[in-house]
Amino acid sequence: MAVTKKKSVKKNNTIKLKFDTSWLYAPAPESKSAATIKPQYDLFINGEWQKPSGGKYFDTINPANEEKLSEVADANEADVNKAVTAARNAYEKVWKKMPAKERAKYIFRIARMVQERARELAIIESLDGGKPIRESRDFDVPTAANHFFYYAGWADKLEYAFPNRTAASVGVAGQIIPWNFPLLMAAWKIAPALATGNTVVLKPAETTPLTALKLAEIIQESGLPEGVVNIVTGAGATGAAIVNHPDINKIAFTGSTEVGKIIQRSIAGTNKKVTLELGGKAANIIFEDAPLDQAVEGVINGIYFNQGHVCCAGSRLYVQESVSKQVIRKLKDRIESLIVGDPLDKNTDIGAINSKQQLETIRKYVKIGKEEGAEMYESSCSLPGRGFWCRPTLFTNVAQSARIAQEEIFGPVLAILTFRTDDEVIEKANNSPYGLSAGVWTDKGSKIFNMTKRMRAGVIWANTFNKFDPTSPFGGYKESGFGREGGLHGLLPYVKLIN
Amino acid sequence: MPKVKSLFSIPDFTLSPRVDQVGVEERASRFTKRSIKKESKVSGLKLVLNMIDLTTLEGKDTEGKVKQLCYKAMHLHDTLPGLPTVAAVCVYPTMVKTAKKALEGSGIKVASVATAFPSGQAPREVKIRDTKYAVVNGADEVDMVISRGKFHAGDYNYVFDEIAAIKEACGEARLKVILETGELGTFDKVRRASDIAMYAGADFIKTSTGKIQPAATMPVTLVMLEAIREYYYKTGRMVGMKPAGGISKSKLALHYLVMVKEVLGDDWLNNEWFRFGASSLANDVLMQLVKEKTGIYQAANYFSVD
């Protein structure tokens with residue numbers, strides 16, 4: 001083969017890069033054989049697997065092909081009561097009294113076991129939730145292990161976390177977690193609770209219970225005293241039973257703002273402590289002096305990470321008008337190179353939408369966006385025939401008053417707006433019922449500090465997006481919830497500060 | 001003169017886009033996560049072979065050494081049929097004649113470094129004569145070095161004019177402009193030097209001479225690919241990319257291909273627009289290709305060094 005020569009000067013407004021005409025990546029699926037999923041899972045109560053008293057089970061499916069993976073127990077009020085009683089007993093008789101450094105040993109052991117079984121956990125996470133194996137392997141599972149390690153370290157150092165105060169444990173924590181990061185959210189909830197001497201009743205989301213149940217197996221093998229962690233599966237009614245149980249001292253919930261409000265109402269008048277981590281509609285702001293190529297990559301990570309099922313997703317993009325055409329063009333080319341498909345394929349960038357229900361929500365908003373007069377652009381990729389799928393999508397010419405700019409879509413759909421001045425973009429970014437996260441892209445350090453000072457969001461990333469670390473607190477303003485998880489701040493919701 | 005000049009205005013290079021180091025490094029590492037297996041590995045490796053500029057740039061080079069290298073370029077591993085040849089053989093100007101003769105009829109290009117390679121510390125007339133010498137002796141491609149001293153001193157017009165003058169001296173030969181990124185210090189400067197080179201008429205931009213460490217890295221190549229993309233958007237003219245130095249393993253070469261594919265698209269996935277400047281990469285690729293065919297890794301001794 002010799003070098004061929006051709007002339008290639010085209011009119012620049014018609015230029016489009018091509019990504020799938022030659023040299024395609026062969027399928028590289030992760031093997032399912034490294035993961036064992038039982039055909040049926042019971043409830044993990046008092047250190048053992050117990051049948052649900054109602055005898056009911058529900059299916060959990062693989063959203064990438066709609067095939068049943070397993071069936072899990074549907075816990076009713078009586079089951080929740082059993083779990084809370086077990087947690088109370090464990091709290092009063094064992095866990096509360098145990099020296100902190102002994103508690104730490106158990107948490108360290110869980111962390112190590114999560115690492116040892118990382119591959120299996122990653123595969124199950126991708127099978128059950130639809131997220132790409134690259135993300136569950138490189139982000140979800142290692143970050144979950146890190147959370148256990150981090151809080152294990154705090155267990156016997158609480159006097160340094162709260163100098164000159166005495167931090168006492170709260171009691172039994174009821175924890176309800178969402179389907180977008182099933183294992184990671186379980187770690188976020190369980191690790192600080194155990195480190196501070198509390199016991200736990202945790203309910204994973206009904207569409208993604210499997211990794212939490214695998215974590216229950218790990219906890220059982222770790223020899224953690226029975227009843228310290230109880231995991232009950234079920235849908236909204238199970239969650240309500242936990243929230244309303246009189247012997248629960250603390251509720252930690254991550255999920256929708258709608259459910260968060262219900263929880264807030266139902267615990268009014270009780271002395272339950274509560275933290276809520278709810279929805280978001282993060283503003284990601286690109287100034288004209290930003291490193292644009294990296295900003296574009298950050299926008300892509302911000303909105304298409306985990307199919308956009310991220311409460312802190314950068315779903316509202318504000319671009320300074322002078323660079324908006326350039327940024328939009330780069331974004332359009334970039335989404336063409338995203339690989340959508342089998343979550344277990346190591347080359348997949350965007351996996352399956354978590355559930356049929358969520359896919360319908362996303363489709364509803366795409367329709368609204370079109371009706372509102374915004375211009376839609378989606379990747380030209382083909383989608384698998386079965387399962388729940390959505391192409392990476394963006395809307396340009398979006399108005400601040402448009403619903404797709406105001407409401408949380410929780411899918412791979414980006415709304416792009418433009419702005420002219422700093423004051424304008426701060427006002428628009430803050431003009432939202434949510435306040436979970438935000439992003440700022442600029443080459444100018446002073447501008448970053450000005451923006452972060454004036455924006456009302458729990459986390460503000462500068463020249464990056466969607467970065468998580470166990471040492472860094474996370475949580476929202478306004479309807480994005482209250483309380484902080486992660487870091488030193490994440491200990492506070494699980495302690496009573498006395499004297 | 002290069003045609004490009006009349007097509008658009010020349011920008012202020014002090015305003016070249018800024019680059020965020022953390023972001024570039026993170027993006028570059030994402031390409032290494034792609035899993036390239038089976039048939040895409042084989043076709044990718046063949047593509048890599050076909051993109052190699054097989055290089056010998058040593059003070060001790062002789063005609064004998066260059067002839068051997070040219071033979072190797074044409075006969076990479078005759079026991080494995082169906083292999084492509086490399087793209088070019090890259091030598092010093094004094095060896096161009098020898099290489100041209102040895103490669104006659106093979107379709108393999110002769111590339112010559114010029115312009116007082118590798119330091120570039122010579123007067124412009126000398127550099128132009130160096131270039132013309134290579135071209136007159138038959139070089140199809142010229143790999144020039146920029147004046148890094150002038151660049152660091154902020155004399156961008158000097159650097160620009162020099163590249164344009166060399167481009168003129170090249171005539172029909174394609175011009176690769178070596179930025180020597182290991183001496184530039186920051187990604188911002190790599191981006192600026194890339195812009196200067198392309199607007200001055202470069203047909204290719206190239207990372208390194210191979211004489212300075214660090215030579216080619218994935219992040220620095222990414223910055224240059226992004227510069228090429230921006231230039232293409234603005235002008236419609238394609239510019240080629242050549243990372244050189246430090247790429248000696250097949251796996252890394254495949255990561256580079258992934259990067260080219262996902263940043264610039266498939267139009268750049270051929271040896272007209274992408275090259276590897278490498279001397280030992282070819283044998284590692286051959287070893288992998290033999291392994292894909294037979295299932296067994298052969299010892300390095302089964303592959304000729306020259």
Point to revise | Where B:Phe31 falls short, out of the listed (1) touching a Leu at 6+ places or on another chain (Cβ under 9 Å); (2) more than 30 Å from A:Pro132 (Cβ to Cβ); (3) surrounded by fewer than 23 Cβ atoms within 10 Å (Cβ to Cβ); (4) more than 10 Å from chain A (Cβ to nearest Cβ) | key: (2)
Practice item. For segment A:360-390, name all the residues that are more than 16 Å from A:Ile303 (Cα to Cα), aliphatic (A, V, I, L, M) and without any contact (Cβ under 8 Å) to a residue 40 or more places away in the chain. Key: A:Ile368
Check your understanding: Restricting to segment A:206-240, what's the tally of residues that are small (Gly, Ala, Ser), part of a loop (DSSP other than H, G, I, E, B) and surrounded by fewer than 24 Cβ atoms within 10 Å (Cβ to Cβ)?
Key -> 2
Review point. Out of curiosity, is B:Leu54 within 11 Å of chain A (Cβ to nearest Cβ) and either over 24 Å from A:Val299 (Cα atoms) or modelled with pLDDT of 95 or more (or both)?
Key: no
Review point. Which residues, taken from segment B:34-49, are within 20 Å of B:Gly295 (Cβ to Cβ) and either in contact with a Lys or Arg (Cβ under 8 Å, 6 or more places away or on another chain) or within 7 Å of another protein chain (Cβ to nearest Cβ) (or both)?
Key: B:Ser35, B:Ile36, B:Lys37, B:Lys38, B:Glu39, B:Ser40, B:Ser43, B:Gly44
Review point. Among the residues of segment B:228-238, is any out of contact with any strand residue (DSSP E or B) (no Cβ under 7 Å at 6 or more places or on another chain), at the interface with chain A (Cβ under 7 Å from one of its Cβ atoms) and either among the aromatic types (Phe, Trp, Tyr) or closer than 19 Å to B:Arg34 by Cβ (or both)?
Key: yes
Review point. Within segment A:165-185, is there a residue that is surrounded by fewer than 24 Cβ atoms within 10 Å (Cβ to Cβ) and under 18 Å from A:Arg112 (Cα atoms)?
Key: yes
Check your understanding: Any idea which of A:Thr418, A:Thr452 is assigned to a helix (DSSP H, G or I) and either of a type in the set (Ser, Thr, Tyr) or under 29 Å from A:Asn354 (Cβ atoms) (or both)?
Key -> A:Thr452
Practice item. Could you figure out which of (1) more than 14 Å from chain A (Cβ to nearest Cβ); (2) within 30 Å of B:Gly154 (Cα to Cα) isn't true of B:Thr94? Key: (2)
Practice item. Evaluate the following for A:Val200: is it under 21 Å from the mean Cα position of the chain (by Cα), over 22 Å from A:Arg109 (Cα atoms), crowded, with 18+ Cβ neighbours inside 10 Å and in the same structural domain as A:Val170 (by TED's automatic domain parsing)? Key: no
Check your understanding: Any idea which residue in segment A:263-291 is farthest from the other protein chains (Cβ to nearest Cβ), counting only those that are within 23 Å of A:Thr421 (Cβ to Cβ) and surrounded by 24 or more Cβ atoms within 10 Å (Cβ to Cβ)?
Key -> A:Lys281
Review point. A:Ile339: on the phi < 0 side of the Ramachandran plot, within 12 Å of chain B (Cβ to nearest Cβ) and among the hydrophobic types (A, V, I, L, M, F, W, C), yes or no?
Key: yes
Practice item. Using the structure shown, decide if A:Gly486 is within 14 Å of A:Gly314 (Cα to Cα) and buried (at least 20 other Cβ atoms within 10 Å of the Cβ). Key: no
Exercise for review: Please work out if A:Asn89 is assigned to a helix (DSSP H, G or I) and in contact with a Gly (Cβ under 6 Å, 6 or more places away or on another chain).
Suggested key: yes
Revision key, fill the gap. Note on segment B:98-129: residues within 14 Å of chain A (Cβ to nearest Cβ) and either among the hydrophobic types (A, V, I, L, M, F, W, C) or closer than 16 Å to B:Asp61 by Cβ (or both) are B:Leu103, B:Ile108, B:Val110, B:Ala111
Check your understanding: Which members of segment A:10-34 meet the condition of being at pLDDT 90 or above and either more than 7 Å from chain B (Cβ to nearest Cβ) or farther than 21 Å from A:Ser337 by Cβ (or both)?
Key -> A:Pro27, A:Pro29, A:Glu30, A:Ser31, A:Lys32, A:Ser33, A:Ala34
Practice item. Name the single residue, out of those in segment B:251-281 being surrounded by 24 or more Cβ atoms within 10 Å (Cβ to Cβ) and among the small types (Gly, Ala, Ser), that is nearest to A:Asp293 (Cα to Cα). Key: B:Ala253
Study note, to complete from the structure: Counting only residues in segment A:298-310 that are in contact with an Asp or Glu (Cβ under 8 Å, 6 or more places away or on another chain) and under 13 Å from A:Phe465 (Cα atoms), the one surrounded by the most Cβ atoms within 10 Å (Cβ to Cβ) is identified as A:Tyr304
Check your understanding: Out of segment A:292-312, which residues are touching a strand residue (DSSP E or B) at 6+ places or on another chain (Cβ under 8 Å) and more than 10 Å from chain B (Cβ to nearest Cβ)?
Key -> A:Val299, A:Gly302, A:Ile303, A:Tyr304, A:Gln307, A:Gly308, A:Cys311, A:Cys312
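The values are calculated or read from the model by the stated rules, or taken from the named source; none is laboratory data. Computed from a predicted structure; not experimentally measured. Ideal geometry is used to build each Cβ from the backbone, glycine not excepted, and the neighbour counts take in all protein chains shown.
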